[in-house]
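Below you'll find the structure, written out as structure tokens, and then a few comments.
What follows is calculated from the coordinates using simple rules that are stated; it is not laboratory data. Since we're looking at a predicted model, the values are computed, not measured. Virtual Cβ from ideal backbone geometry, glycine too; neighbours counted across all protein chains shown.
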Amino acid sequence: MIFDQAKANPAGLALDDLTRQRTWAELVDRSTRAAHLLRDELGLRPDDHAALLMGNRVEFVELTLGAMLAGIWLTPINHHLQAEEIAYVVQDSGTRVLFADAEHETIARGSAARHVVLVGDELERALAGASNAPMPLDGPAGATMIYTSGTSGRPKGVKRARQATLGAALSAAANSGTALGLDGSGPHLITGPLYHAAPLLFAIYDQTNGAPIIIMPRWNAAQTLRLIQERQVRHTHMVPTMFVRLLQLDDSIRNAFDPSSLRLVLHGAAPIAPSVKKRMIEWWGEVLVEYWGATEGGVCTLVNSADWHAHPGTVGRPLPNFEVFAVDDRRERLPPGEVGTLYCRHKHLAIVFEYHGAPEKTAAAYLEPGVFTTGDIGRVDADGYVYLTDRKSSLIISGGVNIYPAEVEQVLQQHPAIADVAVFGIPDDEWGEAVKAAVELADGQQPSPQLEAEILAFAREHLASYKVPRSIDFERALPRHPTGKLYTRLLRDRYWKDRGRNI
């Protein structure tokens, strides 16, 4: 635990965002003060909600740990969202306290949060005045409530099952790290945005086992190599887009890199081209471990490099706590090798997660107690290896970021030149998938590059940049059934038919 590290190695490095550093003693002291700030000074009670709106920095981790110590639900907010999207998350989550950095102060103060605390002088004064008395390990544990979009176009907060006490939660985090190979044996490099579940939680699991965390404020390919080598990084998490960028570096830079410190490079969150993965393994060795999971249930499967070579395309076999199987349209279990909707059975929990304030959406995700799906389509072979083939919800994953077509469609439908629209993902060797819009124009409108530019500019005014379509196909008529159902597959298949996969 971090408390053990603070006693055994108080002056040792625990956190470093390349601008600010924290020792183990400082991390425990500041996280404890953050917990008391939330509970004693700001008046939050266990199970109340707070949120973070900031870039990658040491305070992100300190406040996350502080919320856990305080028994508070904490929502990291994607700071790339538009102001109206951020306001929705703040309001829907019931956030009472929003911690924000100076860059996002205006948006934070325009949200529905009762209190806004700015990272910097304001937070430092507040922490200095807060108690540093240890929080009881038999007290309630807090956790993250991370928002994931839904097919309705509105994001929903995911509450995973929690341990009954703080001590049990810290032990569970350490055990989760051990199960993934995050054993705390060396520095952990955070390459992605901390508002995403994987970079944040993997790092905290590793740190709970004793690993110091190095935080990249923004990802850069060449700097990643320098940090891994100079800091002797042991563990990290990446998405396939990062691998593509690393492989695009000059040969002189790549050949000078020594990957020998690495023991584990977790990757997932997006489809990966087999050629990219093979080149990375050739370069870095068999340290790549792919996972499949979701914000809702965490990691469900793992596959190391050797097993991936033996079973090309697999996302692995289930972790000990899980069973994975496919069902047909009647929700009946399929035999090995047949394609259907994938379900995960947790062997010990009846409720693995719930959607905040949305019991009907929670119920729809479960086949029976402990058995849930996030809508992926695939198969499980006779040896238990899981393969993904499609995505029932039409989710687009671009560069490891979830994008739901319904949300983008709702915005584009407001443009006066558009009569109908379909949004879907098309293959992209760098990003995994790219956002494509197919548009049926209103009467009197004619397709043109200028109109395409106008529509995309309109989208950028209302959506985060990563949700904006890369391009538009103008269709004479979109393929709709008389009942109104849109056959997006007919549009997608043009782009995927020769790819050997559908995601």
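Observations
- Residues of segment 333-352 with an amide N closer than 16 Å to a point placed 7 Å from the Cα of A179 along the Cα-to-Cβ direction: 344-352.
- Shown here for segment 342-440: trypsin sites (Lys or Arg not before Pro) in loop regions (DSSP other than H, G, I, E, B) with at most 15 other Cβ atoms within 10 Å, namely K347, K392.
- Note on segment 396-496: Cα convex hull, mean projected area over all directions, 6.5 nm².
- Distance (nanometres) between label positions extended 7 Å along Cα→Cβ at A222 and D329: 5.5 nm
- Around H79: net Lys/Arg minus Asp/Glu count, Cβ-Cβ under 15 Å: -2
- Sorted largest first, extent of the chain alpha carbons per principal axis (Å): 68, 52, 52
- For segment 491-498, 3J(HN,Hα) per residue [Karplus equation, 6.51 cos²θ - 1.76 cosθ + 1.60, θ = phi - 60°, Hz, x = Gly/Pro]: 7, 5, 4, 4, 8, 9, 4, 9
- Looking at segment 202-240, the trypsin sites (Lys or Arg not before Pro) that sit in a DSSP loop and have at most 10 other Cβ atoms within 10 Å of their own Cβ are R218.
- Under the convention that each Lys and Arg Cβ holds +1 and each Asp and Glu Cβ holds -1, the size of the dipole of the chain around its Cα centre is about 540 debye.
- Applying both filters, DSSP loop and at most 10 other Cβ atoms within 10 Å, to the GluC sites (Glu not before Pro) of segment 275-382 gives E332.
- When the helices of the chain are scored as -39500 (n - 2.57) per DSSP H run of n ≥ 4 and the total is divided over every residue, the value at 222 nm lands at -9500 deg cm²/dmol.
- Once backbone amide H atoms are built at 1.01 Å from N, E290 has H267, V303 as its partners under 5 Å, excluding neighbours fewer than 5 places away on the same chain.
- The charge dipole of segment 396-496, taken about the Cα centre with unit charges on the Cβ atoms of Lys, Arg (+1) and Asp, Glu (-1), comes to about 260 debye, rounded to the nearest 20.
- Extension reserve of the T19-Q450 stretch, reckoned as 0.36 nm per residue once the Cα distance is removed: 150.7 nm
- At 0.692 mPa s and 37 °C, Stokes D of segment 56-141 from Kirkwood alpha-carbon radius, µm² per second: 236 µm²/s
- Three-way shape label, segment 1-61, alpha-carbon gyration tensor, a/c 1.5: oblate
- Summed residue charge, Cβ within 10 Å of H311's Cβ, Lys/Arg positive, Asp/Glu negative: -2
- Stretch gain in nm, segment D443-A457, where the contour uses 0.36 nm per residue and the Cα spacing is subtracted: 2.9 nm
- Value of relative contact order over the chain, rounded to a whole percent, pairs C-alpha under 8 Å and six or more apart: 11 percent
- Whichever aspartates and glutamates have a C-alpha closer than 13 Å to that of K159, once near sequence neighbours (fewer than 8 apart) are set aside: D47, D48, E296, E354
- The length gained on full extension between D4 and A477, counted as 0.36 nm times the residue separation minus their Cα-Cα distance, comes to 163.8 nm.
- Both radii are taken from the alpha-carbon atoms of segment 247-369; with Rh as the Kirkwood radius, Rg/Rh is 1.07.
- Segment 318-385 gives an Rg/Rh value of 0.98, both radii derived from C-alpha positions and Rh following Kirkwood.
- Computed from phi, the 3J(HN,Hα) profile of segment 284-298 under the Karplus parametrisation 6.51, -1.76, 1.60 (θ = phi - 60°) reads 9, x, 7, 9, 6, 10, 8, 10, 10, x, 6, 4, 5, x, x Hz, with x in place of Gly and Pro.
- Calculated from backbone phi, Karplus (6.51, -1.76, 1.60) coupling profile of segment 331-348 in Hz, x at Gly/Pro: 6, 9, 5, 9, x, x, x, 8, 8, x, 6, 7, 10, 10, 9, 7, 6, 10
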